[in-house]
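Student: Can you keep this structure in mind? I'll have questions shortly.
Nothing in this text is a laboratory measurement; each read-out follows from the coordinates by a stated rule. None of the values given here were measured: they were computed from a predicted structure. In this analysis, Cβ positions are derived from the backbone assuming ideal geometry, glycine residues included, and neighbour counts consider all displayed protein chains.
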Amino acid sequence: MKKLDHPNLVLLYEAIDVPTSDSLYLVLEFMSGGTVMNIKLGETTTPLQTEVAREYFRQLVLGLEYLHGNDVAHRDE
């Protein structure tokens, strides 16, 4: 995963597996805007304009296409 490089992916710098526990730590690129899952529409933000939403979705699909092309299956909860 550390060798993957695409403008629509968050960089993975290091994966740390702790052998004495079930913990796995991922050191990722800092994203100042936070996670997409933290956006609560209707509370503090307004819906995106159609063209902006379309561009974000295009970037998301390009990132997933790159991952799948490199035999990486993505799963988000």
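Student: Enumerate the calculated ³J(HN,Hα) couplings along segment 6-12 in order (Karplus 6.51 cos²θ - 1.76 cosθ + 1.60, θ = phi - 60°), each rounded to whole Hz, writing x wherever the residue is Gly or Pro.
Tutor: 8, x, 9, 10, 6, 6, 9
Student: Based on other C-beta atoms within 10 Å, arrange Leu26, Leu67, Leu11 from fewest to most.
Tutor: Fewest-to-most Cβ neighbours within 10 Å comes out as Leu26, Leu11, Leu67.
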